[in-house]
Amino acid sequence: MKVPDTEGNRKSCICDKGDCPTYNQNALTDTLFCAIGASPKNPRRVTCPCDVCPVWAMFDLGDAYYCIEGAPKE
């Protein structure tokens, strides 16, 4: 399901809240990758807590590593 890039979703997103090792260890600077797509920094996989994110649950996303793989397909 497509995730809207809204202020509410960005506030709910856990990417930049200090809980994502992949985000932190790759010095990523954006957020809500499930809506905007993969990071241009080409991060390496560390650990992904997408499954505890309120946005992930709200949209029943199922996958993870959106910062690497890109936004989910519709």
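The values are calculated or read from the model by the stated rules, or taken from the named source; none is laboratory data. Quick caveat, the model's predicted, so the values are computed rather than measured. Please note: Cβ atoms are built from the backbone with ideal geometry, for glycine as well, and neighbour counts cover all protein chains shown.
If a residue must be in a loop (DSSP other than H, G, I, E, B) and either touching a Leu at 6+ places or on another chain (Cβ under 9 Å) or small (Gly, Ala, Ser) (or both), how many such residues does region 17-74 contain?
In the first step, residues of region 17-74 are kept if they are in a loop (DSSP other than H, G, I, E, B); the result is 17-20, 26-32, 37-49, 53, 59-65, 70-74.
Add one more test, that the residue is either touching a Leu at 6+ places or on another chain (Cβ under 9 Å) or small (Gly, Ala, Ser) (or both), and what stays is 18, 20, 27, 37-39, 41, 43, 53, 62, 64, 70-72.
Total meeting the criteria: 14.
Looking only at residues of region 26-50 that are modelled with pLDDT of 95 or more and among the polar types (S, T, N, Q), we find that the one that is farthest from Leu61 (Cα to Cα) is Asn26.
Out of the residues in region 57-73 that are among the charged types (D, E, K, R) and under 15 Å from Ile36 (Cβ atoms), which is surrounded by the most Cβ atoms within 10 Å (Cβ to Cβ)? Walk me through it before giving the result.
Within region 57-73, the subset among the charged types (D, E, K, R) is 60, 63, 69, 73.
Keeping just the survivors that are under 15 Å from Ile36 (Cβ atoms) gives 69, 73.
Values: Glu69: 15, Lys73: 8.
It comes out as Glu69.
For region 3-20, the candidate set comprises residues that are more than 12 Å from the chain's Cα centre (by Cα) and of a type outside the set (D, E, K, R); within that set, the residue that is farthest from Ala57 (Cα to Cα) is Gly18.
Applying a threshold of 7 Å to beta carbon distances and a minimum spacing of six or more residues, or different chains, the list of pairs starting in region 41-57 at a residue that is touching a residue at least 40 places away in the same chain (Cβ under 8 Å) and ending at one that is of a type in the set (S, T, N, Q) and surrounded by 13 or more Cβ atoms within 10 Å (Cβ to Cβ) reads Pro54/Ser12; Val55/Asn9; Val55/Ser12.
Count of region 19-40 residues, restricted to those that are more than 17 Å from Thr6 (Cβ to Cβ) and either surrounded by 17 or more Cβ atoms within 10 Å (Cβ to Cβ) or in contact (Cβ under 8 Å) with a residue 40 or more places away in the chain (or both), is 6.
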